1. Can you find a residue that is under 30 Å from Ala30 (Cβ atoms), over 20 Å from the mean Cα position of the chain (by Cα) and buried (at least 18 other Cβ atoms within 10 Å of the Cβ) anywhere in segment 276-293?
2. I'd like to verify a number: residues in segment 1-24 that are farther than 19 Å from Gly132 by Cβ and modelled with pLDDT under 95, how many?
3. Tell me yes or no: at least one residue of segment 168-180 is free of Cβ contacts under 8 Å to residues at least 60 places away in the same chain and out of contact with any helix residue (DSSP H, G or I) (no Cβ under 7 Å at 6 or more places or on another chain).
4. List the helices (runs of 4 or more DSSP H) inside segment 17-83, counting only whole elements, that have at least 3 residues being within 13 Å of the ligand (Cβ to nearest atom) and either crowded, with 22+ Cβ neighbours inside 10 Å or among the hydrophobic types (A, V, I, L, M, F, W, C) (or both).
5. With respect to Ile364, determine if the residue is in a helix (DSSP H, G or I) and in contact with a Lys or Arg (Cβ under 9 Å, 6 or more places away or on another chain).
6. For the subset of segment 96-110 comprising residues that are more than 19 Å from Gln13 (Cβ to Cβ) and outside any helix (DSSP H, G or I), which member is nearest to the ligand (Cβ to nearest atom)?
7. What's the number of the condition Tyr262 fails, among (1) surrounded by fewer than 18 Cβ atoms within 10 Å (Cβ to Cβ); (2) over 16 Å from Leu369 (Cβ atoms); (3) not acidic (Asp, Glu)?
8. Exactly one of these conditions fails for Thr309: (1) crowded, with 17+ Cβ neighbours inside 10 Å; (2) polar (S, T, N, Q); (3) assigned to a helix (DSSP H, G or I). Give me its number.
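The values are calculated or read from the model by the stated rules, or taken from the named source; none is laboratory data. This one's a predicted model, so the numbers in the text were calculated from it and none came from an experiment. Quick reminder, even Gly has a Cβ in these numbers, built from the backbone with ideal geometry, and neighbours come from all protein chains shown.
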Amino acid sequence: MTETDRQSTKATQASHATTTGMVGGGFYDANSAPQWRAIEAVFPLITNAMATLEVEGEGTIRLADFGCSEGHNSIAVMAEALDTLLPRTTRSIQTIHSDLPTNDFSKLLLNIRSDGRSVFGSEKVFSCVVAGSMYDQLVPDGSLHLATTFNAIGFLSRRPLSQLPDYIFPNGPSAVRSNGKVSETDRQAFAELAKQDVASFLKVRARELAPGGKLIVQVFGRDSDASTSDGIYDLLNDAVLAFVENGEISRDAYARYYQPVYMRSLEELTAPATDPSYAVSDLFKLDQSMSYEVPVPFNEAFQRNGNLTEYAAQYVDFFRAFTEAVLINALPDSPRRDKLVNKVYTKALELLMANPDAYPFRYIGVAMLLTRKA
Ligand SMILES: C[S@@+](CC[C@H](N)C(=O)[O-])C[C@H]1O[C@@H](n2cnc3c(N)ncnc32)[C@H](O)[C@@H]1O
């Protein structure tokens, strides 16, 4: 990683955000094949949205993706939407790719227009980027026709608790590893904020969407059987604890550190859209919702070729891409902080290689399609 990437992970956090973003410089794009699988599984929602969108009228049709990161997956999502939409209209279309101000927008812009022309290959399609928290209004009233978010709304708008003393993730450890604990009261604080975050997101998108506009909210989550946090956070927790035990990370820093992300059930995702107490249910019609599991590419490859070194590298790079910025910012600023963070991920690699069965990872997605009421 370059010094520029490092600086961007250390940049000041935006309001209504708990991370500065993914590891940049192409690292997130290169390590987000599992997220892409989770997006592919909701293509029917995208097709449904674009096939039923009212396209009569004049002016530009605008499609916005919130939490787009470096853009590889966001661009592919828009391409999928355009496949259905373009044949239905002669109107110009604008794709808007939005993320936190600290996101690697340089990589995103290169992805959008790498050889001097639109990546979408149509003279009717124009693209732009918008910086800000997805929990704030970011584009003018009534200007959008499709809003989407993928694998992003799990990142909470704020830290509801100052510490999570016995584990690094709000949903707690997996049953397999059981290497820590989160009290039910603490977990509830995150669960309630996660619902309020969906309500905030719906409220601001309701302002931005034109009547009849479509909204797709997809995110990693959990079902009755597994959580997308299982395995990856058990491993990160064990790796961090190795440095608590040798004194390089203080017990106090460990108690304050947690990844500010919550794994929702489908019910927790849809509740704000249907429960009037969140004050947004009259703004949208819930058209479709789904909970699903996708196969993870590095699990499939490992089953096929048994290559443990390759499996461990891909597994650790996958979760490093979305956890590193929070871990860096949780540790006291010092000249040795970057080295220490590198050592944590190297330790994770060693632990996984030594005991791959202790950290099984599965990807559960939850998603909903809504229509903005008139
Ligand atoms: C795991 S990535 C998902 C990227 C892409 N949508 C995909 O599915 O591959 C999560 C993205 O959400 C962004 N994010 C986190 N909190 C956010 C917030 N409050 N507002 C906007 N984006 C946010 C991160 O910066 C990151 O780019």
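1. Keep residues of segment 276-293 that are under 30 Å from Ala30 (Cβ atoms), which gives 290-293.
After this cut, where a residue has to be over 20 Å from the mean Cα position of the chain (by Cα) as well, the list is none.
So far as segment 276-293 goes, no, none of its residues is under 30 Å from Ala30 (Cβ atoms), over 20 Å from the mean Cα position of the chain (by Cα) and buried (at least 18 other Cβ atoms within 10 Å of the Cβ).
2. Restricting attention to segment 1-24, the residues satisfying the condition of being farther than 19 Å from Gly132 by Cβ are 1-7, 10, 23.
Filter again for modelled with pLDDT under 95, leaving 1-7, 10.
Counting residues in segment 1-24 that are farther than 19 Å from Gly132 by Cβ and modelled with pLDDT under 95 gives 8.
3. Yes; the residues of segment 168-180 include at least one that is free of Cβ contacts under 8 Å to residues at least 60 places away in the same chain and out of contact with any helix residue (DSSP H, G or I) (no Cβ under 7 Å at 6 or more places or on another chain).
4. Values: elements: 27-30, 33-40, 43-52.
Because the criterion is at least 3 residues that are within 13 Å of the ligand (Cβ to nearest atom) and either crowded, with 22+ Cβ neighbours inside 10 Å or among the hydrophobic types (A, V, I, L, M, F, W, C) (or both), the helices (runs of 4 or more DSSP H) in segment 17-83 that meet it are 27-30, 33-40.
5. On the way: in a helix (DSSP H, G or I): no; in contact with a Lys or Arg (Cβ under 9 Å, 6 or more places away or on another chain): yes.
Taking the combined requirement at face value, the residue does not satisfy it.
6. The residue in question is His97.
7. (1)
8. Status for Thr309: all satisfied but (1).
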